[in-house]
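Data first, discussion second: the structure below is written as structure tokens.
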Amino acid sequence: MYMTAGKRRIKDIIAGRAMLVTTAFSTGLVFAIAMGLYLRARPLLASQPLFGLFFGETWLPSEGQFGLKPFIVGTVWVTAIAIIIALPLCLLTAVFLAEYAPQRVRSIVKPLIDLLAGIPSVVYGVWGILVVVPFIADRLGPFAVANLKSVPYLSTEYSAGFSVLAGGVVLAIMVFPVIISVSEEVLRAVPAEQREAALALGATKFETIRKVVIRKALPGLLAAVVLGVSRALGETMAVLMVAGNVPMAPKSVFDACYPLPALIANNYGEVMSIPMYDSALLGSALILLIFVLFFNIAARTVFGRMLREHIQ
Amino acid sequence: MKAQIEVRNLSLAYRGNLALKDIGVDIPEKQVTAIIGPSGCGKSSLLRCLNRMIDLIPGTKVRGKVTLDGEDIYGSRVDVMDLRKRVGMICQKPVPLPMSIYENVAFGPRLYGVHGKALKHAVERSLRSAGLWEEVKDRLKEPAIRLSIGQQQRLCLARGLAVEPEVLLFDEPTSSLDPVSARHVEQQVAELKRDYTVVIVTHDLHQAKRVADHVMFLYLGELIENGTTTQVFESPQDYWTRMYVAGAGI
Amino acid sequence: MKRRISEYIFIGLTTAATVIVAGCLIAILAAVAIKGLPALKWSMITQSPTGGYYLGGGGGIANAIVGSLYLGLGATALALVISLPTCLYLRVYLKKGRCASWIRLSLDVLWGVPSIVFGAFGFTIMVLLGLRASLLAGIITVALFELPIMIRAMDEVLTMVPSELEEAAYALGATRFETGARVVLRQALPGLVTGILLAFGRGIGDAASVLFTAGFTDNIPCSLLEPAATLPLAIFFHLGTPFEEVHQRAYASALILTILVLLASTLARVFATRFSKHTWR
């Protein structure tokens, strides 16, 4: 029995090493990305204070002014609108799928939602241009001009349709699958005994869901929303196609805006000609990455842990 | 009678708790040895120490010595893969591999470089000794999961036999089977002792009586009694053994 | 009575929300089909752009279709080469230890990285390697983008492989590698194919990662070092022109892309449910 299987053992060890290498590669990739972007952004970070970068109002690359505030504000607006639209719809849908829907309905609706996740973002953009933008330009915009003069964030003089609202609507639909699938999973993870305990006391299903299920599932639902936010932050093409891309901080949902990802995507072609431009764009990518990482890690560690302690 | 496996001062710790305490026993060659005892007494753990499947459970620590034909299987130069080839194991629930009936049995020999005609012969021989050949010889290409659960268990036996082991370990091989297939597998086990040393863990005392030549009674991780089947069942020496074989719940 | 009414209202609300969500999918598919179908001509699929194409002249988007397929296949193959061993290592070698959960966290975080960031990083790599915008650079970038998607799908499938199967192989004296490659992978095969197809669908649909790395050309690429057109970018550029005829082609291209992606995800679903004749439980 002494080492007769030498060849097989060596093969096992070599394969293990090779797999370790790919695992290290995959695991390290996210760090490599952050590091790579940081190194490329460093010239700009060295020449300008971070504060000026974040809160500078003017974006004039040819004059060396790289204020990212309009873009950061634009990103926040679009993401906020998207979450405001998506949140109630997604939670209600998740509750329906987890609590009310008969098995047959579930088995039809869930694949549909998965399909939604698979549609390319350019196609969302095309849909936005075909449907959402004209609707805002022809219906909602004029309505707001006529009736919402004094309402903050909703008043407008004129809207071409390419706006924060259009970006938000398209983005909302794009984050549906993320929020719904995670929330549904969380709701279904609430133990049946706890529901039954409430139902046995004579609570209606609605009361049970509101007072027991939702409460138990809250950290997980928060995690779902945070994941949705981080998804929305980084989405590029669809938003780029419908948000209008004017480098000014929007004042109303009918104003055009210019989110960070769109900035990167739109300008990369011309980076070589202007000094520091390339640094500024990779710096924007780094900022975006940091936001997204922050939300993602928060969702997966903090809320994830709260969730585990809560339910099990 | 020659002892093929000798267990000396074997202790097993699982996350700091002793699961087996200072076990010492000889397992005779070409005989059936049954390990009996109430559930949780360490029967399966002891069995898994004999082919080092216990290594796969994280947090376990083995002390003491187990020798197979005089060689310490926990020695530093031992090839565990080769050990497991020599000491085969059949588990509680039948676990057909995700492939055809033929490929299931051929899996082991293929690992050791057997192919062509020799492989075919090995498969047929193993299926015959597991008493399954007549039932499956015309459907060797079918997925193994299409077999009935009793047939699956005999397939797992055939798969274990195909690597030509010297010792066979059975971990409650009939507990998930219906009575008829259980009887079938049991008969097969009894016949195997002509060629193999067999160790069987069982919670079924009647089964132990029917198939075993020797019986070990384990209780709370300790070896309480050990002897021929007649000794242990007819004139048990220890109080706990007496209670257990009399059918009192301990 | 009041409690019963609020129950009904709640059921009504949740049902309505589900209908709206499902309706969005149908609305998107319907809009793309209604606008795309009339513009879809055979020449769109079979020809590359000819002179004056972007002014409304003749030709089609064969360059982008073929480019996207090359890019998708290449990137998926490359991603597979990295993700399969990674998942196998996690499942068979590391199991459920602390180390594995840290690695999984890192991979989950990678999954959340936006494609535009992959694009920017891919561009950095490309410059570092001295490459130009080319099929190769695009393949590398999209492969990185697909990597976490594929790993997550595969890891999920591999964790569902019952450990008894592994033990059965170990009990026959198989090494970890033999157990992983011949038993665990085999058991998980249908699910692995699903993961591959999902990643492929996401890969060919993504525009932001290829924007700076794959380039764009009217020709079908003949080597890895030539730039390659892709469907998402073709759609984007078509819409950038001021001509209505060209916009029509964007809609048709969007339809083609949607069909390709839906085909991949439907196939993925079929694989997940069928082709599992050896799989138990």
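Some observations on this one:
- Of all residue pairs spaced 6 or more apart or on separate chains, those with beta-carbon atoms under 8 Å, a first member in segment A:142-168 that is over 14 Å from A:Met241 (Cβ atoms) and a second member that is open to solvent by 70 Å² or more (accessible area, probe 1.4 Å) and at pLDDT 85 or above are A:Tyr153/A:Lys251.
- Check on B:Arg139, open to solvent by 70 Å² or more (accessible area, probe 1.4 Å), touching a residue at least 12 places away in the same chain (Cβ under 8 Å) and assigned to a loop (DSSP other than H, G, I, E, B): no
- Residue in segment C:58-93 that is farthest from C:Ile235 (Cα to Cα), counting only those that are of a type in the set (Ser, Thr, Tyr) and in contact (Cβ under 8 Å) with a residue 60 or more places away in the chain: C:Tyr93
- Top-ranked residue of segment C:170-186 - restricted to ones that are open to solvent by less than 30 Å² (accessible area, probe 1.4 Å) and within 7 Å of chain B (Cβ to nearest Cβ), ranked as nearest to B:Asn51 (Cα to Cα): C:Ala171
- Qualifying residue in segment C:242-254 (condition: in contact with a Leu (Cβ under 9 Å, 6 or more places away or on another chain) and free of Cβ contacts under 8 Å to residues at least 12 places away in the same chain): yes
- Only one entry of C:Leu88, C:Leu144, C:Leu158 meets the criterion of being crowded, with 21+ Cβ neighbours inside 10 Å, modelled with pLDDT of 90 or more and within 23 Å of A:Phe294 (Cα to Cα), and that entry is C:Leu144.
- Matching helices (runs of 4 or more DSSP H) fully within segment A:197-272 where at least 3 residues are in contact (Cβ under 8 Å) with a residue 40 or more places away in the chain: A:214-234, A:237-242, A:260-267
Every residue, every condition in (1) open to solvent by less than 10 Å² (accessible area, probe 1.4 Å); (2) at pLDDT 90 or above; (3) within 14 Å of another protein chain (Cβ to nearest Cβ), yes or no:
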residue	(1), (2), (3)
A:Ala232	yes, yes, yes
A:Asn245	no, no, yes
A:Lys251	no, no, no
A:Asp255	no, no, no
A:Gly269	no, no, yes
A:Leu282	yes, no, yes
A:Leu286	no, yes, yes
A:Val302	no, no, yes
A:Arg305	no, no, yes
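- The residues of segment C:201-241 that are of a type in the set (Val, Ile, Thr) and open to solvent by less than 10 Å² (accessible area, probe 1.4 Å), listed by number, are C:Ile204, C:Val210, C:Thr213, C:Thr230, C:Ile235.
- Filtering segment B:8-61 to residues that are among the acidic types (Asp, Glu) and either more than 23 Å from B:Val232 (Cβ to Cβ) or within 14 Å of chain C (Cβ to nearest Cβ) (or both) leaves only B:Asp55.
- Criterion: among the basic types (Lys, Arg) and farther than 30 Å from B:Gln187 by Cβ - qualifying residue of B:Arg77, B:Arg84, B:Arg52, B:Arg48: B:Arg77
- In segment C:234-261, the residue that is nearest to A:Val123 (Cα to Cα) out of those that are away from chain A (no Cβ under 12 Å) and not polar (S, T, N, Q) is C:Val246.
- All of (1) open to solvent by 50 Å² or more (accessible area, probe 1.4 Å); (2) over 23 Å from C:Ile259 (Cβ atoms); (3) within 7 Å of chain A (Cβ to nearest Cβ) hold for C:Lys35 with one exception: (2).
- Residue match in segment B:105-116 (condition: within 11 Å of chain C (Cβ to nearest Cβ), within 23 Å of B:Asp195 (Cα to Cα), in contact (Cβ under 8 Å) with a residue 12 or more places away in the chain and buried (at least 24 other Cβ atoms within 10 Å of the Cβ)): yes
- Listed by position, the helices (runs of 4 or more DSSP H) inside segment A:90-147 whose residues that are in contact with a Lys or Arg (Cβ under 8 Å, 6 or more places away or on another chain), modelled with pLDDT under 90 and at the interface with chain C (Cβ under 7 Å from one of its Cβ atoms) number at least 2 are A:103-118.
- Within the set C:Gly122, C:Gly74, the sole residue that is part of a helix (DSSP H, G or I) and closer than 19 Å to A:Val122 by Cβ turns out to be C:Gly122.
- Long-range neighbours under 8 Å by Cβ, at least six apart or interchain, first residue among the hydroxyl-bearing types (Ser, Thr, Tyr) within segment B:87-103, second modelled with pLDDT of 90 or more and open to solvent by 10 Å² or more (accessible area, probe 1.4 Å): B:Ser100/B:Leu140; B:Ser100/B:Lys141; B:Ser100/B:Glu142; B:Tyr102/B:Leu140; B:Tyr102/B:Lys141
- For segment A:3-40, the tally of residues that are more than 7 Å from every other protein chain (Cβ to nearest Cβ), among the aliphatic types (A, V, I, L, M) and within 19 Å of C:Ala174 (Cα to Cα) stands at 3.
- Residues (within 21 Å of A:Tyr268 (Cβ to Cβ), open to solvent by 50 Å² or more (accessible area, probe 1.4 Å) and either within 23 Å of the chain's Cα centre (by Cα) or at pLDDT below 85 (or both)) located in segment A:28-52: A:Met35, A:Tyr38, A:Leu45, A:Ser47
- Residues in segment B:194-228 that are in contact with a strand residue (DSSP E or B) (Cβ under 8 Å, 6 or more places away or on another chain), under 23 Å from B:Arg183 (Cβ atoms) and surrounded by fewer than 19 Cβ atoms within 10 Å (Cβ to Cβ): B:His203, B:Leu205, B:Asp213.
- Segment B:142-179, residues that are in a helix (DSSP H, G or I), more than 13 Å from B:Ile90 (Cα to Cα) and open to solvent by 10 Å² or more (accessible area, probe 1.4 Å): B:Ile145, B:Arg146, B:Ile149, B:Gln151, B:Pro179
- Those helices (runs of 4 or more DSSP H) lying entirely in segment B:180-250 with at least 3 residues without any contact (Cβ under 8 Å) to a residue 24 or more places away in the chain and within 22 Å of B:Gly42 (Cα to Cα): B:239-245
- Selection of segment C:129-155 for residues being of a type in the set (A, V, I, L, M) and without any contact (Cβ under 8 Å) to a residue 12 or more places away in the chain yields only C:Leu129.
- Some residue of segment A:150-166 being in contact with a helix residue (DSSP H, G or I) (Cβ under 9 Å, 6 or more places away or on another chain), under 30 Å from A:Ala256 (Cβ atoms), open to solvent by 10 Å² or more (accessible area, probe 1.4 Å) and at pLDDT 85 or above: yes
- Condition check for C:Arg98: of a type in the set (D, E, K, R), out of contact with any Lys or Arg (no Cβ under 8 Å at 6 or more places or on another chain) and buried (at least 21 other Cβ atoms within 10 Å of the Cβ): no
The values are calculated or read from the model by the stated rules, or taken from the named source; none is laboratory data. Not measured: the values here are computed from a predicted model. Neighbour counts run over all protein chains shown; Cβ positions are idealised from the backbone, glycine included. Areas reflect the complete protein model, heavy atoms only, side chains present, ligands, DNA and RNA absent. Shrake-Rupley method; radii C 1.70, N 1.55, O 1.52, S 1.80 Å.
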